[in-house]
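Working notes, structure below.
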Amino acid sequence: MELIQVAEAAYQLRGGSNAGVIVQDGQAVLVDTGLDRDTARRILRALEGLQVRIGAVVITHAHADHSGGAATIRARTGAAVYAAGMEAAVVAHPLFEPLYLFSGAMPPAELRHKFTLAEACPVDGLLEPGEHVIAGVPLRVIPAPGHAPDQVMIAGGGACFVADACLAPEVLHKHGIPFCVQIDQAIATLAGLSALDGTYAAFVPGHGPAVERIAGWADENVARLAEIREAVAAGLERSNELGEIVRFTAERLSVEIPNPVIYWLTQTTILACLASLQAAGRAAIVVRDNRLLWQAVSQPEG
C-alpha cells in the first residue's frame with residue numbers, strides 16, 4: 001500500500017482497493033481495510049511511519065474488497081469496527097454477499113472465495129448519518145446508497161472518502177457495467193456528491209487516485225449509468241427473458257462477461273435497471289407458462 005497525504009489530516013492508502021486514514025492528535029480512524037489479511041498487514045506496515053494509534057475502523061460498504069481485512073485490523077490493534085445498517089450485517093455475516101448474488105440460495109463454489117466472501121468481523125457500533133467524533137477523531141458520515149444498499153462516504157481531516165459511490169473514469173470504463181443495486185439511488189448519490197465539489201481538499205475514491213474536484217467524475221458516472229439503463233431498455237424490446245436481456249445489454253455496450261462471478265455481478269446491475277424502468281412505468285413483470293417475464297411498457301405520446 002502506498003501512503004499518500006491528500007489533505008491536512010487525511011491520507012490515502014493506495015492499492016487495488018483504497019483505504020484511508022483520518023488523524024487527530026495521535027489518534028486515527030481507518031476508512032476501509034482492503035481485501036484480506038495480507039492487505040490488512042500491508043496497511044498496518046504503511047501506517048507505522050505516522051506514529052498514530054488506530055482507534056477505530058469505519059467500513060464504507062461491506063463488499064469483500066473493502067471489508068475483508070477488518071477482522072485482522074481489529075485483532076491486531078483492538079480498534080472498534082463501525083459500519084452502517086445492512087452493511088454492518090454483511091461485515092459480521094459475510095455469507096450474505098454471495099447469498100444475495102445467488103438469489104438467496106446457498107451460493108456455489110464460484111461465489112465462495114475471498115473476492116465475494118470476506119472474513120467475518122464483529123461490528124462494535126453502527127454508523128448514523130451526520131457529524132461524529134469516533135476514537136477522538138471528528139468525521140462526517142454521508143449516506144451514499146446505490147452501489148451497495150447502505151454505503152456511506154466518510155469525510156474528515158479535509159478529505160472525503162467517497163468509496164464506490166463514484167468511480168474514476170478509467171475504472172468506470174474498465175468494468176463496462178459496474179455493480180449497482182439501485183440505479184436511481186446511485187444517481188441521486190452522485191448528484192449529492194457533485195454538490196460537495198470544492199467543500200473538501202481532496203476526494204478519495206474506492207479505486208483510483210484522489211482528486212481535488214469530483215463533479216466531472218460524478219457527471220461521467222451518471223451518464224454511464226443512464227447509458228446502461230437505456231441499453232437494458234433496448235434489450236427489453238428484443239426479449240422478455242432476463243438471460244437474453246443480459247446478453248443483449250452486454251453486446252450493445254461491447255462488454256465481455258468472462259466468468260460466472262462477473263455474470264452474477266452484471267446481472268445484479270441489469271436487474272437494478274429493470275427495477276428502475278418498472279418504477280418509471282417503462283417495464284412490467286408477468287408470469288406466463290411458469291416463466292417470469294419482463295415486458296416493455298409503451299409510453300404515451302406527448
Inset, instruction - Quick one: net charge around ARG291, please, counting Lys, Arg +1 and Asp, Glu -1 for every other residue with C-beta under 15 Å from its C-beta. - result: -2
Inset, instruction - Could you tell me how many degrees, from 0 to 90 and to the nearest 10, lie between the Cα long axis of helix 183-195 and the main elongation axis, the longest principal axis, of the Cα atoms of the chain? - result: 40
Inset, instruction - Run the numbers on the chain and let me know its relative contact order in percent, using alpha-carbon pairs under 8 Å that are six or more apart. - result: 14
Legend entry - Simple Cβ-charge dipole of the chain, Lys/Arg +1 and Asp/Glu -1, about Cα centre, in debye nearest 20: 540
Inset, instruction - Would you mind pulling out the separation of the Cα centroids of the range 19-50 and the range 82-144, in Å? - result: 18
Inset, instruction - Report, please, the projected area of the range 176-270 averaged over directions, based on the convex hull of its C-alpha atoms, in nm². - result: 6.5
Inset, instruction - Please give the net charge around PRO145, taking every other residue with its beta carbon less than 12 angstrom from that of PRO145, where Lys and Arg add +1 and Asp and Glu add -1. - result: -4
Inset, instruction - Note the direction-averaged projected area, equal to a quarter of the hull surface, for the Cα convex hull of the range 2-223, in nm². - result: 10.9
Inset, instruction - Please get the size of the charge dipole for the range 65-183, origin at its Cα centre, with Cβ charges of +1 on Lys and Arg and -1 on Asp and Glu, quoted in debye to the nearest 20. - result: 220
Inset, instruction - May I ask you to derive the FRET efficiency for SER298 and PHE102 from their Cβ-Cβ distance with R0 = 35 Å, giving the value to the nearest 0.05? - result: 0.55
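Coordinate-derived values only; no laboratory data. Owing to the predicted nature of the structure, the values given are computational and were not obtained by experimental measurement. Here the Cβ is made from the backbone with ideal geometry for all residues, glycine too, and neighbour counts use every protein chain on show.
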